[in-house]
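Note sheet for the following structure.
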Amino acid sequence: MSTSSETLWERIQRIADHLLARTTVKPTTGIILGTGLSGLADEIEVEVSLPYEQIPGFPVSTVEGHPGKLHFGTLGGTPVVAMQGRFHYYEGYDMREVTLPVRVMKLLGIERLFLSNASGGVDPEMEVGDLMVLNDHIDLFPDNPLRGANLNELGPRFPDMSEPYDKALIARAHKVAAGLGVELREGVYAGVSGPCFETPAEYRRMRIIGADAVGMSTVPEVIVARHMGLPCFAMSVITDLGVPGRIVEVTHEEVQAVARKAEATLTRIFTELVQVG
Ligand code: HPA
């Protein structure tokens, strides 16, 4: 929570100062771990882990599958700060809260942001369990995190979005995956508010407007990161299919279970990728 007279900029600085006083790690990469994908945290040589409730000013995560901890340490030798559990719009947070940690991470010194998520595949070539690297997104959230007074300290009023996902990192991800013998898809992610999954007609619409997958996160965080000039890299685990003829009932438990199965591969790709550049 913010104190009553505090501005958003002051709040972000206050949280960053609090965190910097508690770790010697100087993170160069920020990582946000999605639903069922928190296992990457086990690969981090952790110096400090802070539950979100213990970070004054931080929002608090509530949803199952999102334990809610900030880890400082090294991943494959690279200093990182990793969010185990993110804040979703569907939980009731407004866009400022959803994206606040990304702004804090920028003040901690990160130079790029990695994100993972679970999503529904709408490309008919997809299978459950596939991994997809995001090369673009379509923002279907009802609000934009940059709406309102611009934080001039962080970025411009009208930020460019011509390269939302860093092309060099995407190219490297394909090389890393090939080296691991893993098939990696690439495509466009549509971000929706949720919390309900799509109807068949809504999945069909996603395909028509140019999406390959649909999920309930990532887009707000990437918008805020790009506002601050941070290169982004994001990967989806396809946990269910929104493809005509193949749509079945989907539950959060299934989404988590599929994500967990794909987690090891995703973790290996992220771990190799943070070590380059
Ligand atoms: N739709 C939206 N969000 C999701 C889905 C889906 O099918 N699967 C996992 N997250």
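Laboratory data are not the source of any read-out in this text; all were calculated from the coordinates shown. Just so it is clear, the model here is predicted, and its values are computed rather than measured. Heads up, the Cβs are rebuilt from the backbone with ideal geometry, glycines too, and the neighbour counts pull from every protein chain shown.
Summary table
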| item | result |
| --- | --- |
| Antiparallel DSSP beta bridges within the chain, as percent of all bridges there, nearest 5 | 40 percent |
| Sum of side-chain charges, Ala171 neighbourhood, beta-carbon under 14 Å (Lys, Arg +1; Asp, Glu -1) | -1 |
| Computed Rg/Rh of the chain, alpha carbon atoms with Kirkwood Rh | 0.94 |
| 29 Å Cα cut-off, lysine pairs counted over the chain (separation 8 or more, or different chains) | 11 |
| Rounded to 5, the percent of DSSP beta bridges in the stretch 99-238 classed as antiparallel | 20 percent |
| Computed [θ] at 222 nm, helices only, for the chain once each DSSP H run of length n ≥ 4 contributes -39500 (n - 2.57) | -9500 deg cm²/dmol |
| Ratio of Rg to Rh over the stretch 148-265 (Cα coordinates, Kirkwood Rh, two decimals) | 1.00 |
